[in-house]
Each structure stands twice: as C-alpha cells, then as structure tokens.
Amino acid sequence: MFTGLVRAVGRLERCPAGVRLRLEPWALDATAGSLGPLSLGDSVAVDGVCLTVADCLPDGFRADVSEETLVRTTLAARAASGAAVNLEPALRLSDRLGGHLVSGHVDGLGTVMAIQREPASWRLVLRWNDPAYGRYVCEKASVAVDGISLTVAGCDSEGQFWVAVIPHTWSATTLAHRRVGDAVNLEADLLAKYTERLLQGGGQPQGLALPAPSGGALNSDWLAQHGWE
C-alpha cells in the first residue's frame, strides 16, 4: 500500500529484464524525503504502478514488469523515452497517512485535457479514457494521478474531472512535465470500488445480497428502493 505522496523522481529505462530506474544519489540516502535504502523485494510505486525491486543498483534499481502492466499503463512509453517518473516506497504501518490509501494497481489510463495556471495553483483537467470509470470520482474525493494523491475539485458525467495542484506538488513531481494530450495512470479511491461492490451484493452472505441495479448504475432512486434514504 502507498499514500500517493511522492518521495523522489527518477528516470525510467527499458531493459531486457523489465525496467530500470535511475535515481540521483540523494534519493537513495537515509534522509527524510528520499526513497531511502532499498532492499531486494521492496515495493515501490512508479508513476502509481506497484513494482517489486528485483535488483539493487548503485544508482537505482531494476524491476520486472509483465506485458500486461506495460500494456495497461504508461510505463512502456515512459521507459522508451527515458521520462521522469514519480516514486514512492511502500507504506509502513507506523507511517503517517498524509494522502489516501493507494494500492498501486492502476484502474485505467486518462488523458490531460487542459492545464490552467491560476493565482495560487494549477488547474489540471483530466478525462478517463474509459468513461465508465468516471462513476468512481466525485467532488472532494481522492484520486491518484501518476501515483500522486490529489483531491477532485469537480467532475462531470462524461468521465472528465479536474484537480487543483499546489506549487509544492507541481515542482516536486512530474506534473510540471505533463502537456495537453499526455496519458496518465489513474487509480480511483478504493472506498468507492468497495462500496459499489457491497451495495451490489457481491460481498454479502448468501440470501442477504441486494439485487444489482439495472444497467449496473447506482443512483438515488435505486438506493431509496432498498432502504438507503
């Protein structure tokens, strides 16, 4: 598990055995705000994708990546161009949860639709490539964009939503490198997905399951019919 608070930025390269992350020396020391020393088997979120350290290198680490992950995320394209990526080590049980619970399992890709400079922040407008995932996003909910925990400022019914990015996050992550039309990895809030599953009866004992809503859509009418007023 992760929190969506980026600890370092590295460079991603494709290699025969997966991908290789190159890091600046400061990112591997033991000081606060870095990845710290890594060990074989450690989990690291790379642009929001949970990868396992397969080999520790003097300037970073190597990770194995399945073809499934390369197809469903931006890692293949980022590795081909040697792009910068956001990095976060796995959450310890004693750590502060400063962002929100992030699994590192990307739900789908999104596209940057607009980037607007505002007096004290940047307004980043995004759209799910598969609009069906838009049902997991609502105003003031959490969403992970390339592994960064952000708060949804607003959304529409077409899978488009927008977030406000403060200067620190803008400069400490790869968001400043994003351009309109770029692809990003998106992970919706875990709570939204579990809530939907439970309301549809998938997690209830035999005989207690609620009927699934027509067309798979949860709305106020369906909730009222089943006692959720």
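The values are calculated or read from the model by the stated rules, or taken from the named source; none is laboratory data. Not measured: the values here are computed from a predicted model. Every residue, glycine among them, receives a Cβ derived from its backbone with ideal geometry; neighbour counts consider all protein chains shown.
Taken over segment 149-177, residues that are under 15 Å from the mean Cα position of the chain (by Cα) and within 19 Å of A77 (Cα to Cα) amount to 3. All conditions but one from (1) part of a helix (DSSP H, G or I); (2) touching a Leu at 6+ places or on another chain (Cβ under 7 Å); (3) of a type outside the set (A, V, I, L, M, F, W, C) apply to E68; the one that does not is (2). When the residues of segment 17-33 are filtered to those that are in a loop (DSSP other than H, G, I, E, B) and modelled with pLDDT under 75, the one that is surrounded by the most Cβ atoms within 10 Å (Cβ to Cβ) is E24. Close contacts from segment 143-160, counting a first residue that is without any contact (Cβ under 8 Å) to a residue 24 or more places away in the chain and over 14 Å from T111 (Cβ atoms) and a second that is assigned to a loop (DSSP other than H, G, I, E, B) and among the basic types (K, R), with Cβ to Cβ under 9 Å and a gap of 6+ residues or different chains, come to T151/K140; V152/K140.
Of D146, D156, all but one fail to be surrounded by fewer than 20 Cβ atoms within 10 Å (Cβ to Cβ) and acidic (D, E); the exception is D156. Any residue that is over 13 Å from the mean Cα position of the chain (by Cα) and aliphatic (A, V, I, L, M) - is there at least one of those in segment 103-110? Scanning segment 103-110, I find no residue that is over 13 Å from the mean Cα position of the chain (by Cα) and aliphatic (A, V, I, L, M), so the answer is no. Filtered by the rule that a residue be surrounded by fewer than 17 Cβ atoms within 10 Å (Cβ to Cβ) and either over 11 Å from L38 (Cβ atoms) or β-branched (V, I, T) (or both), segment 55-71 gives P58, D59, D64, S66, E67, E68, V71. For segment 73-125, filtering for residues that are in contact with a strand residue (DSSP E or B) (Cβ under 6 Å, 6 or more places away or on another chain), polar (S, T, N, Q), surrounded by fewer than 16 Cβ atoms within 10 Å (Cβ to Cβ) and closer than 16 Å to I148 by Cα leaves 0. Name the one entry in A84, A54, A120 that is among the small types (G, A, S) and in contact (Cβ under 8 Å) with a residue 60 or more places away in the chain. Of A84, A54, A120, the one residue that is among the small types (G, A, S) and in contact (Cβ under 8 Å) with a residue 60 or more places away in the chain is A84.
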